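What follows is a single structure, written as structure tokens, with notes after it.
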Amino acid sequence: MGKVWFVGAGPGDPALITVKGRDLLARAGALLYAGSLVSPAHLEYVPPECECQDSKGMTLPAITEWLITKAHQHTTVVRLQTGDPSLYGALIEMVRPLDRAGIEVEVVPGVSSAMASAAAAVESLTLPDITQTVILTRVAGRTAMPEGEALEALARHHCTLCLFLSITLLHKVQSALLAAGWPPHAPVLVVHKASWLGDEKLIRGTLADIRDRCRAEHLSSQALIIVSPTLGARHWPTLATSKLYDATFTHRFRKGEGNSQEMPP
Ligand code: SAH
């Protein structure tokens, strides 16, 4: 009996899969990939005899049935998911039927589009004295938000918010953040197809105008919204610096020059 590997493909650029993920593709007997979001370039990593199937048009039971069937025929079966499999990837729904069928499962993490979007824009999601917290979330669409997780409530923390699956609901983002006390001029970053060569688009704006800017670019899918008090820090006139590189700060790998006793983060 084979094993099913849930592998994070990363955000799009085939070079952003992990080495472990690429090695698994290179020995896969069967591959089920999420064709709507995984770049076809990843298929070049599999051997010619590998059975490849796009899951785009499949239901969840069809997907799990396919994985179970292939695990009876091949040693290595790969389910290739966009970004990291633990985020909005229906991972557990797929794993449970495999558990019931007695099939071994392992997960290989991937670079999430949240990280790839920050990278594309040369932004830091945390900054000393500004925010040390990132919330990965979405606005309610067809999937309702659990109690206490309405965007307005989360936005009251005034930390970094990475919003998945929400690009067509920018009006909800705007109203929730304004209601939570963010000013209309708060910076917003939208990244479409982060890391996709030739397709990546960065749209910068404010809470007030980001919707019009995205509409002008005809964005309706595959975009991540970042709202954060850290945005644009590269060009700020002054910036608090991280204690980690402070000359007076003593930590495990370096003795500070002053008498700071603080422990490393
Ligand atoms: N597991 C994925 C998220 C899957 S949900 C991850 O870790 O990234 C799909 C949502 O992810 C999309 O609606 C969009 O918000 C975001 N997304 C996926 N790929 C993206 C990319 N290359 N650029 C920007 N956003 C992306």
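Assorted remarks:
- Most simply put, the chain has about 40% antiparallel DSSP beta bridges, counting only bridges with both residues inside it.
- Most to least accessible of His72, His192 (protein chains only, probe 1.4 Å): His72, His192
- Only lysine pairs 8 or more places apart, or on different chains, with alpha-carbon atoms under 27 angstrom apart are counted in the chain, and they number 13.
- Residue-averaged 222 nm ellipticity for the chain, from DSSP H runs of 4+ at -39500 (n - 2.57), nearest 500: -6500 deg cm²/dmol
- Rolling a 1.4 Å probe over the protein chains gives Trp196 an accessible area of about 40 Å².
- The residues Val19, Val139, Val107, sorted by heavy-atom accessible surface at 1.4 Å with ligands and nucleic acids left out, run Val19, Val107, Val139 from largest to smallest.
- Stokes-Einstein diffusion of the stretch 113-235 at 37 °C, 0.692 mPa s viscosity, Kirkwood radius from Cα pairs, rounded to a whole number: 229 µm²/s.
- Nearest-20 debye value, the chain charge dipole, Cβ charges on Lys, Arg, Asp, Glu: 180
- Choice from Arg215, Arg22, Arg156 showing the highest fluctuation, given a GNM over the chain with Cα pairs closer than 10 Å: Arg215
- When the chain is treated as a GNM with alpha-carbon contacts under 10 Å, the residue of Ala140, Ala62, Ala71 showing the greatest mean-square fluctuation is Ala62.
- Listed residues Leu43, Leu91, Leu202 arranged by accessible area, highest first, probe 1.4 Å: Leu202, Leu43, Leu91
- Remark: the stretch 3-108 is approximated by an ellipsoid whose semi-axes, taken from the C-alpha gyration tensor as √(5λ), come to 19, 15, 13 Å, largest first.
- Taking the accessible area of the chain, probe 1.4 Å, and keeping the other protein chains in place, the carbon and sulfur fraction comes to 54%.
The values are calculated or read from the model by the stated rules, or taken from the named source; none is laboratory data. Treat the numbers as computed from the prediction; the structure is a model and nothing was measured. With ideal geometry, Cβ positions are generated from the backbone for all residues, glycine too; neighbour counts draw on all protein chains shown. Side chains are part of the model used for accessible areas, which takes the heavy atoms of the whole protein and leaves out ligands, DNA and RNA. Shrake-Rupley method; radii C 1.70, N 1.55, O 1.52, S 1.80 Å.
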